[in-house]
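Notes follow once the structure below has been shown.
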Amino acid sequence: MQVWARELGFSQIGVAPVDLSSAEAGLTAWLAQGFHGDMAYMASHGLKRARPAELVPGTASVITARMDYLPRSTPDGWQALEFARLQRPGEGIVSVYARGRDYHKVLRARLQKLSDRIAEQVGPLGYRVFTDSAPVLEAELASRSGQGWRGKHTLVLNREAGSMFFLGEIYIDLDLPRTEATSGHCGSCSACIDVCPTQAIIAPQRLDARRCISYLTIEHAGPIPLELRPLMGNRIYGCDDCQLACPWNKFAQRSALPDFDERRGLSGQQLVTLFGWTEDEFLRYTEGGPIRRIGHERWLRNVAVAMGNALRSADDSAMRQALQQRLAQASPLLREHIDWALEI
């Protein structure tokens with residue numbers, strides 16, 4: 001099965017048990033404190049997330065898979081180069097994972113092919129594939145199946161690959177031998193906690209999503225809280241800071257697949273250019289990628305915040321003009337963020 005997985009572009013597969021009952025108390029407490037923010041689906045699914053056999057009746061094992069996503073052309077010293085983007089306030093920063101093809105499509109198709117190969121060998125099979133697409137405790141399943149350990153930023157860390165990888169699962173009705181879990185290796189390091197711009201990591205392995213820039217720019221549909229806007233800098237879709245600061249990511253692996261190569265127009269682009277995209281241009285440049293799902297309005301909202309932060313560091317007439325030109329046709333949500341950007 002490992003050979004098949006590698007042929008399909010996966011870096012590693014493991015097998016997790018379906019009994020996640022020991023994770024239920026932590027999940028319940030996290031939801032009770034409202035750390036999931038607007039992600040109401042997390043609360044509505046309740047403990048199904050920790051009960052694979054309830055989500056997919058008949059599930060006896062969970063096959064976990066991880067896939068490295070650094071673009072093939074990623075240079076050595078890439079973490080420092082990514083941090084350097086923060087010092088160029090007129091440039092928009094899109095999270096590394098989102099610069100290529102939508103990972104949901106890539107992983108789901110390849111997990112399906114892996115499932116088909118297993119079925120060819122064992123006969124009729126009950127299974128369902130997931131990748132960040134249902135109430136699944138992905139990181140918990142990954143850590144219990146030997147993919148790595150939960151870092152203090154809540155992401156899974158692997159000694160040979162850092163954390164720059166995607167996770168996927170196959171819920172299967174075969175009782176497969178489990179793979180052994182690994183121990184943690186964060187020690188006393190708190191680099192991810194210390195570097196978080198909004199201090200969203202409130203304790204080791206405890207994230208308040210409502211403060212997380214990835215949540216604010218991707219999942220959150222309404223106005224971005226005033227006190228958090230200046231902390232976003234020029235991050236317009238996602239945030240990689242906790243991963244960039246992690247010493248284990250010096251071992252992050254480049255993807256073997258062209259799917260995750262950077263697409264033209266999404267990396268190193270000026271905010272004024274990105275803010276000037278019409279809806280048709282937005283749809284064209286983001287076709288097949290993960291950014292498209294937030295829609296044009298929220299994209300402009302995010303870019304407007306970044307422009308406001310850039311203007312606070314140095315006035316720019318072209319940026320001001322671009323913001324003012326959008327005001328007349330702006331929705332109430334976008335107008336609020338444009339007005340804030342121009343208030344200097």
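We did not get these values from a lab; they are worked out from the coordinates using the rules stated. Predicted model only: the values in this text are computed from it and were never measured. All Cβ positions, even for glycine, are placed from backbone atoms using ideal geometry, and neighbour counts span all protein chains on display.
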_Run the numbers for Ser317 and Leu81: contour at 0.36 nm per residue of separation, minus the present Cα-Cα distance, in nm._
82.2 nm
_Loop GluC sites (Glu not before Pro), the range 96-190 (other Cβ atoms within 10 Å of the site Cβ: 14 or fewer; DSSP)_ = Glu160, Glu180
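Classify the chain as rounded, prolate or oblate from the Cα gyration tensor: take a ≥ b ≥ c as the square roots of its eigenvalues, call it rounded if a/c is under 1.5, otherwise prolate when a/b beats b/c and oblate if not.
Details: a/c = 1.83, a/b = 1.73, b/c = 1.06.
Cα axes put the chain in the prolate bin.
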_Around Tyr127: net Lys/Arg minus Asp/Glu count, Cβ-Cβ under 11 Å_ = -2
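If you stretched the chain out fully between Gln325 and Asp194, how much longer would it get, using 0.36 nm times the residue separation minus the C-alpha to C-alpha distance?
Contour length minus the Cα-Cα distance gives 43.3 nm.
If you keep only loop residues by DSSP, which trypsin sites (Lys or Arg not before Pro) in the range 254-313 have at most 15 other Cβ atoms within 10 Å of their Cβ? Walk me through the numbers before you get to the answer.
Values: sites: Arg254, Arg263, Arg264, Arg284, Arg292, Arg293, Arg298, Arg301, Arg312; in loops: Arg263, Arg264.
Within the range 254-313, the qualifying trypsin sites (Lys or Arg not before Pro) (loop, at most 15 other Cβ atoms within 10 Å) are Arg264.
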*Please express the shape of the range 140-269 as an equivalent ellipsoid: the semi-axes are the square roots of 5 times the eigenvalues of the C-alpha gyration tensor, given largest first in whole angstrom.*
28, 19, 16
_Within the range 284-322, backbone nitrogen closer than 17 Å to the virtual label 7 Å beyond the Cα of Gln270 toward Cβ_ = 303-304, 306-322
*Can you list the cysteines of the chain that have no other Cys Cβ under 4.7 Å away?*
Cys186, Cys189, Cys196, Cys212, Cys239, Cys246
_Let me make sure I get this right: for the range 47-109, a, b and c are the square roots of the gyration tensor eigenvalues over alpha carbons, sorted descending. Under 1.5 in a/c it's rounded, otherwise prolate if a/b > b/c, else oblate. Which is it?_
prolate
*Could you tell me the distance between the Cα centroids of the range 228-248 and the range 125-192, to the nearest Å?*
22
*Please find the FRET efficiency linking Phe251 to Leu226, where r is the Cβ-Cβ separation and R0 is fixed at 41 Å, and quote it to the nearest 0.05.*
0.60
*Taking the Cβ-Cβ separation of His104 and Arg6 as r and a Förster radius of 22 Å, what is the calculated FRET efficiency to the nearest 0.05?*
0.55
*Can you work out ³J(HN,Hα) from phi for every residue in the range 325-336, in order, using Karplus 6.51 cos²θ - 1.76 cosθ + 1.60 and θ = phi - 60°, giving whole Hz and x for Gly and Pro?*
5, 7, 4, 4, 9, 6, 5, x, 5, 5, 4, 4
*For an R0 of 51 angstrom, estimate the FRET efficiency from the Cβ-Cβ distance between Asp280 and Glu180 and round to the nearest 0.05.*
0.50
*Would you kindly compute the Cα radius of gyration of the range 179-256 and its largest Cα-Cα separation (Dmax), both in Å?*
14.6, 46
